[in-house]
Ligand SMILES: NC(=O)c1ccc[n+]([C@@H]2O[C@H](COP(=O)([O-])OP(=O)(O)OC[C@H]3O[C@@H](n4cnc5c(N)ncnc54)[C@H](OP(=O)(O)O)[C@@H]3O)[C@@H](O)[C@H]2O)c1
């Protein structure tokens with residue numbers, strides 16, 4: 001299936017890594033559905049993509065508002081009848097999150113609802129549309145901070161970075177990847193988790209050494225996988241990483 005025929009939904013596509021993923025999918029010829037909770041920012045992102053020649057359309061989508069997710073699925077069903085690519089990119093880090101004895105539990109709760117329950121709802125709503133694709137791909141934008149293996153390794157570069165809410169939400173998202181890949185094992189749908197790397201975006205006050213564009217490379221590559229591509233993997237730009 002040519003990427004020019006693909007319909008792709010990216011959540012949190014108004015800025016950061018999500019916007020850069022949308023840009024790459026648009027450049028590959030996909031019709032990009034720009035998921036964003038803020039209509040003004042979502043429409044502005046769409047206009048930027050269109051100015052670069054992409055086919056882009058705004059879709060209102062707030063991970064904390066299930067009705068927007070159901071409405072988005074309904075709109076996509078009516079207009080396109082299917083979905084080929086779903087990138088679960090939108091996510092948050094709460095300032096009050098921290099190590100297990102220090103974190104604010106409310107911060108953990110909203111992080112789990114946004115980074116795990118939200119993508120689970122979106123995936124459930126979009127699954128019937130993805131099952132109509134000849135070559136479907138679900139990409140869950142995770143983080144190396146969600147790796148139990150890295151968290152348990154005291155020599156890991158992430159050993160001192162402890163945000164129980166964020167890490168648990170990404171570990172849960174990874175579990176969704178593993179279980180979805182199993183559910184879809186006999187279908188045309190690939191499901192993978194990806195860590196974009198430490199990128200300078202608003203989520204970390206623009207601290208990361210990589211750009212959002214660099215962070216978008218592997219998610220966009222996985223989104224565009226053909227039928228022979230891998231499924232049930234957890235990767236960064238260098239290859240597989242441990243769960
Ligand atoms: N940057 C990094 O170093 C890094 C590293 C590893 C993983 N990641 C992951 O990469 C993904 C993208 O993050 P980013 O770095 O690009 O951060 P970002 O620039 O802060 O973008 C986050 C996006 O998520 C959206 N979002 C947040 N809560 C939402 C909700 N309830 N409903 C819908 N959209 C919501 C934001 O929308 P608003 O503009 O409306 O807030 C924004 O579009 C996240 O899943 C993050 O965990 C990032």
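The values are calculated or read from the model by the stated rules, or taken from the named source; none is laboratory data. In this text, all values refer to a predicted model and were calculated from it rather than measured experimentally. Because the Cβ atoms are built from the backbone with ideal geometry, glycine has one as well, and the counts that use them run over all protein chains shown.
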Flag for residue 35 being more than 15 Å from the ligand (Cβ to nearest atom) and farther than 22 Å from residue 145 by Cβ
no
When the stretch 168-189 is checked residue by residue, the ones that are more than 15 Å from the chain's Cα centre (by Cα), free of Cβ contacts under 8 Å to residues at least 24 places away in the same chain and farther than 23 Å from residue 6 by Cβ are 179
Candidate set from the stretch 212-237 (those that are free of Cβ contacts under 8 Å to residues at least 40 places away in the same chain and more than 19 Å from residue 145 (Cβ to Cβ)); member that is surrounded by the fewest Cβ atoms within 10 Å (Cβ to Cβ):
228
Show the residue pairs meeting these rules: Cβ distance below 7 Å; 6+ apart or different chains; first residue within the stretch 136-160 and under 14 Å from residue 178 (Cα atoms) and at pLDDT 95 or above; second residue within 15 Å of the ligand (Cβ to nearest atom) and in a loop (DSSP other than H, G, I, E, B).
141/89; 141/91; 141/196; 142/195; 147/241
Residue list for the stretch 38-69, restricted to those being touching a helix residue (DSSP H, G or I) at 6+ places or on another chain (Cβ under 6 Å) and away from the ligand (no atom under 13 Å from the Cβ)
49, 54, 56
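Residues are listed down the side, and each one gets a yes or a no for (1) away from the ligand (no atom under 16 Å from the Cβ); (2) in a strand (DSSP E or B):
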{"site": "193", "(1), (2)": "no, yes"}
{"site": "207", "(1), (2)": "no, no"}
{"site": "217", "(1), (2)": "no, no"}
{"site": "230", "(1), (2)": "yes, no"}
Output yes when any residue across the stretch 3-17 is within 13 Å of the ligand (Cβ to nearest atom), part of a helix (DSSP H, G or I) and in contact with a strand residue (DSSP E or B) (Cβ under 8 Å, 6 or more places away or on another chain), and no when none is.
yes
Kindly indicate whether residue 165 is more than 15 Å from the ligand (Cβ to nearest atom) and closer than 21 Å to residue 108 by Cβ.
no
Candidate set from the stretch 83-104 (those that are crowded, with 17+ Cβ neighbours inside 10 Å and more than 11 Å from the ligand (Cβ to nearest atom)); member that is nearest to the chain's Cα centre (by Cα):
86
Pick from the stretch 70-82, criterion in contact (Cβ under 8 Å) with a residue 24 or more places away in the chain and assigned to a helix (DSSP H, G or I), ranking: nearest to the ligand (Cβ to nearest atom):
72
